[in-house]
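A quick write-up on the structure given underneath.
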Amino acid sequence: MQRNRNPVLNEIEPEITQMLETFGYKLVLSELKGPAGRMTLTLYIDKPGGVDSDQCAEMVKKVAVVLETLDARRHNYNIIVSSPGIERPLTNEKDFERFSGQRATLTLQQAQGKQTLTGILRGLSKGCVVIERGADTVEVPVADLVAAHLTAD
């Protein structure tokens, strides 16, 4: 679902994911932005029961070690590790099932431009995210999604 993904993420993300899983965390979303030499790597992590700021701070240190071994000479990273928060990003098909019944916002790219839909998630059906908007139920092809996140009431 991540369009315009920084190709450096493809190189570093597998090792970071493995390290996080060793400590019981799941990588929810990663973003890498900024110019070479001053890039900001933002990682959203979660685990059963959630994560707190001390755990995020500890993972920043561990991610820094992984990056030093993987990419020491190419880039200098600012690292941010955070919980997904109340408006958690929905990054894979399992998320649409897991958070079924909760309020969400979907952003999609269509021929006529970007469109945003907000409603109650109703899961997946035949490759489409099902969202209830009042009396209407809309099916959005997963392939059309640019972003999706839970929405606070």
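Just so you know, all these numbers are worked out from the coordinates, no wet-lab data involved. This structure is a prediction, so every number in the text was calculated from the model and none was measured. Because the Cβ atoms are built from the backbone with ideal geometry, glycine has one as well, and the counts that use them run over all protein chains shown.
Return the FRET efficiency for the residue pair Lys114, Ile86: r is the Cβ-Cβ distance, R0 is 30 Å, and the value is rounded to the nearest 0.05. Working shown, then result.
Working: r = 23 Å, r/R0 = 0.77.
Result of the calculation: an efficiency of 0.80.
Stretched out fully, how many nm does the piece from Thr69 to Leu9 gain, at 0.36 nm a residue minus the Cα gap? It would help to have the intermediate numbers written out before the result.
Details: separation 60, 0.36 × 60 = 21.60 nm, distance 1.50 nm.
Computed gain between Thr69 and Leu9 is 20.1 nm.
Compute the relative contact order of the chain as a whole-number percentage, counting only Cα pairs closer than 8 Å that sit 6 or more residues apart in sequence. Mind showing how you got there, number by number?
On the way: 262 pairs, mean separation 31.9, N = 153.
It rounds to 21 percent for the chain.
Along Cα→Cβ, 7 Å out, is where each label goes; now give me the distance between the ones at Ala152 and Glu21 in nm to one decimal.
3.3
What does DSSP give for segment 3-111 in terms of the percent of beta bridges that are antiparallel, rounded to the nearest 5?
Values: 7 of 13 bridges.
Here the share of antiparallel DSSP bridges comes out near 55 percent.
How much length is gained if the chain between Ala143 and Glu58 is pulled fully straight, taking 0.36 nm per residue apart and subtracting their Cα-Cα distance, in nm to one decimal?
Working: separation 85, 0.36 × 85 = 30.60 nm, distance 3.54 nm.
Going from the current span to full extension adds 27.1 nm.
Sequence neighbours fewer than 8 away in the same chain don't count; with that in mind, list the lysines whose C-alpha is under 16 Å from Lys26.
Of all the lysines, those that pass the test against Lys26 - Cα under 16 Å, at least 8 places apart if same chain - are Lys47, Lys62, Lys94.
Can you tell me, using C-alpha contacts under 8 Å and at least 6 residues apart, the relative contact order of segment 1-55 as a whole percent? Let's see the in-between values first.
On the way: 48 pairs, mean separation 15.2, N = 55.
RCO, segment 1-55: 28 percent.
Work from the charge dipole of the chain (Cβ charges, +1 for Lys and Arg, -1 for Asp and Glu, about the Cα centre) and give the residue of Pro35, Ile131, Ala143 farthest towards its positive end.
Sorting the options by dipole projection puts first Pro35.
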